Amino acid sequence: MVWGNRLFAGITGLTAAGVVGVLVALVAVLAYTARSTLERFGLRFLFTTVWEPAPLNVYGIVPFVVGTLTTSLLALLISIPVSIGAAIFITQHAPPWLRLPVGQLIELLAAIPSIVFGFWGLIVLVPLMRYHIEPALGRYLGWTGLFSGTPIGLDVLTASLVLSVMTIPTITAITRDSIAAVPTSQKEAAIGLGATEWEVTRRAVLPYARGGIVAAVGLGLGRALGETMAVTLVIGNRNQIPDSLFSQGQTIASLIANQFAEASGPLELSALVEAGLVLLLITLAINLGARAFLARSKVPRAGDDA
Amino acid sequence: MTFDRSQRRRVWSLLAKGLTGLAVVAVLIPLIAVIGEAVVLGGSVLSWSFLTSNPPLPCSPRPGVTCPTGGIAPAIEGTLILLGLASLWSVPLGIGAAIFASEYSDRFRAARIVGLTADVMSGVPSIVVGVFVYSVLVLYAPSIVFSTLSGSLALSVIMLPIVTRTTETALRTVPRSVREAALALGIARWKTSLRVVLVTALPGVVTGILLAIARAAGEAAPLLLTDGGSFRGFVGLDQQVAAMPILIFTFADSPYQNWIRVAWGAALVLILLVLALSVLSRLTLERLSRRMRGM
């Protein structure tokens with residue numbers, strides 16, 4: 001039955017090639033479909049600060065890269081300390097009966113569709129920001145320049161908050177797993193030296209789990225950069241470089257979601273596909289980096305368990 | 001009041017414990033607020049007729065006018081059909097690739113790329129997947145760019161890495177001794193892979209499929225560029241079909257109060273669907289690990 005084995009290897013090999021092929025095709029097809037703007041603007045696409053549809057036909061991605069990076073990084077600024085803190089509590093301090101349910105609850109929350117977060121942001125968070133939180137921020141912190149302008153709730157700040165809520169389950173779950181994977185001997189050694197609970201966490205556990213935590217943040221960042229629906233609903237959707245956290249903006253993802261159906265012509269369509277290509281390459285790089293950290297963080301673990 | 005060094009260390013430790021506890025509360029509050037809002041507002045419209053009637057015409061209440069609520073039947077139908085078709089495309093491909101990756105990685109070094117590919121692919125933004133499927137169809141089948149088929153292809157690209165990764169992991173948990181026992185009985189290698197290894201790991205494979213469907217069920221972004229926005233039920237593979245995430249997006253961002261009510265109802269139905277799939281996948285995964293413990 002050698003032919004049976006060969007046939008089976010051939011078929012499964014083909015499907016494997018198919019899966020790899022999809023990823024290769026992703027990059028190739030986007031680059032091909034965006035060829036007219038790639039040829040016409042070249043690298044200028046990455047440094048142009050206006051997006052002017054036909055008849056002007058000038059397309060640059062700067063406002064959306066700024067919007068994407070601002071919202072994602074601000075979201076992480078909020079979600080990193082909260083997520084790591086929560087993961088530490090769940091693994092180190094929570095009574096055992098509480099660990100599993102809280103952990104599972106957070107994991108289930110990671111499964112909630114992003115459109116639901118966006119809807120909640122639009123109906124609940126936007127009015128709250130507009131009438132209560134943003135006026136207060138403007139009054140007390142307006143002098144920093146970050147919180148200037150008329151607060152209308154549909155802005156970069158609200159989008160960042162929604163993104164932070166959405167990245168928290170991802171970062172918490174992976175951080176918890178990497179802290180849980182720290183060998184007990186590591187903790188016991190620190191306790192044996194007379195360390196307090198916090199010193200055990202700070203000096204024995206966190207350094208050991210560092211690789212996993214970096215990966216968790218990377219994967220959270222990847223999720224934030226590419227998030228579309230939630231951001232589209234609350235960011236205000238204006239093609240401009242935001243000059244404060246209260247100004248309307250656009251991320252690469254929300255630009256595509258908003259403009260695709262009403263593109264002014266083939267050149268704008270090509271520009272939108274190129275914007276998608278840029279987003280794809282950014283997220284691929286970040287994901288590969290995060291995966292490398294995750295893989296590396298497992299290496300000492302394997303040796304230590306023995 | 002002054003503390004000596006050991007007191008200071010203990011105070012720090014308590015402080016850290018309190019702060020991390022607060023972090024858990026900070027994580028849970030917004031997440032529970034989201035679910036609570038959907039349960040309260042969505043629950044108020046949820047009924048049998050909500051699941052079986054068509055969406056209402058846009059309407060905001062005026063004196064003497066009451067707005068109909070209607071339902072989301074076409075969107076439920078559309079979502080189920082899209083998910084079914086997407087599973088049809090992605091499950092065989094994903095399982096095949098996973099078998100190759102786990103059973104042939106000794107003989108073909110290239111098989112190791114499959115796992116990495118799946119990991120990387122699961123991080124691709126879903127809107128980019130929409131752009132991709134749109135671009136492919138514009139090139140090769142322009143007449144079905146906006147169709148049920150096109151939407152199902154986009155969702156299948158979202159599902160593919162999840163099915164592949166989870167299946168591969170499940171296959172790898174099957175001990176080598178099981179494979180060796182089958183081969184020693186004279187069973188052909190391909191039959192061993194299919195009838196012994198795959199069947200043993202089946203709960204894990206089911207987990208992967210359920211997780212993939214749960215993820216795809218809530219995706220609106222890829223459908224926006226492929227299936228487009230329709231409020232109709234299924235009329236043909238080459239025609240557009242309604243879907244729950246798209247309906248929520250369109251209705252949520254509208255000025256009509258009855259549409260916003262319907263969107264909350266749809267959000268609750270979608271959350272319940274996704275949570276049911278997640279819980280189910282957890283149960284099947286436990287079944288796999290119980291099975292493996294016996295070996």
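The values are calculated or read from the model by the stated rules, or taken from the named source; none is laboratory data. Note that this is a predicted model, so its numbers are computed, not measured. Cβ sites come from the backbone with ideal geometry, for glycine too, and all protein chains shown count toward neighbours. Note: areas computed on protein heavy atoms with side chains; ligands, DNA, RNA excluded. Shrake-Rupley method; radii C 1.70, N 1.55, O 1.52, S 1.80 Å.
Residues B:Val138, B:Val91, ordered by accessible area of protein heavy atoms at a 1.4 angstrom probe radius and largest first, appear as B:Val138, B:Val91.
Please work out the FRET efficiency for the pair A:Ala181 and B:Leu272, using the Cβ-Cβ distance as r and a Förster radius of 41 Å; give the result to the nearest 0.05. Efficiency for this residue pair is about 0.80.
Applying the Kirkwood pairwise sum to the alpha-carbon positions of region A:29-139 produces a hydrodynamic radius of 18.7 angstrom. Distances between placed amide hydrogens fall under 5 Å for A:Ile241 paired with no residue 5 or more residues away or on another chain. Computed from backbone phi, the HN-Hα couplings of region B:41-58 come to 6, x, x, 6, 10, 5, 7, 4, 5, 5, 7, 10, 10, 7, x, x, 5, x Hz, rounded to whole numbers (Karplus: 6.51 cos²θ - 1.76 cosθ + 1.60, θ = phi - 60°; Gly and Pro given as x).
Orientation-averaged projection of the protein assembly as shown equals 33.2 nm² [convex hull of Cα atoms, one quarter of hull surface area]. Computed with every protein chain present, the accessible area of A:Arg130 is close to 100 Å² [probe 1.4 Å].
Plainly put, region B:80-165 has a radius of gyration that is 1.04 times its Kirkwood radius, both from alpha-carbon atoms, as the Rg/Rh ratio. Electrostatic bookkeeping for B:Gly229 treats Lys and Arg as +1 and Asp and Glu as -1; over the other residues with beta carbon under 13 Å from its beta carbon, the sum is -2. Counting only the Cα atoms, region B:1-157 fills a convex hull of 292 Å³ per residue.
Electrostatic tally near B:Phe3: other residues with Cβ closer than 14 Å to its Cβ, Lys and Arg +1, Asp and Glu -1, net +3. For region A:262-278, backbone nitrogen atoms closer than 19 Å to the point 7 Å from A:Val27 Cα along Cα-to-C-beta are found at A:273-278. Expressed in Å, the radius of gyration and Dmax of the Cα atoms of region A:174-306 are 21.6, 70. Among the protein heavy atoms, those of B:Thr169 account for about 70 Å² of accessible surface (1.4 Å probe, every chain in place).
Computed with every protein chain present, the accessible area of A:Trp51 is close to 20 Å² [probe 1.4 Å]. Largest accessible area first, the listed residues A:Arg223, B:Arg291 line up as B:Arg291, A:Arg223 when surface is computed with a 1.4 Å probe on the assembled protein chains. Which one, A:Tyr131, A:Pro207, A:Ile179, projects farthest toward the positive side of the charge dipole computed for region A:81-228 from Cβ point charges (K/R +1, D/E -1)? Towards the positive end, the residue furthest out is A:Pro207.
Among residues other than B:Pro161 whose Cβ falls under 13 Å from its Cβ, what is the net charge (Lys/Arg +1, Asp/Glu -1)? That works out to +1. For chain A, a Gaussian network of Cα nodes joined below 10 Å ranks A:Ile179, A:Ile112, A:Ile88 by mean-square fluctuation, and the top entry is A:Ile112.
The Rg/Rh ratio for chain B is 1.10, where Rg is the radius of gyration of the alpha carbons and Rh is the Kirkwood radius. Computed over protein heavy atoms with a 1.4 angstrom probe, the accessible surface ordering of A:His93, A:His132, largest first, is A:His132, A:His93.
Over chain A, the alpha carbon radius of gyration divided by the compact-protein estimate 2.2 N^0.38 Å works out to 1.20.
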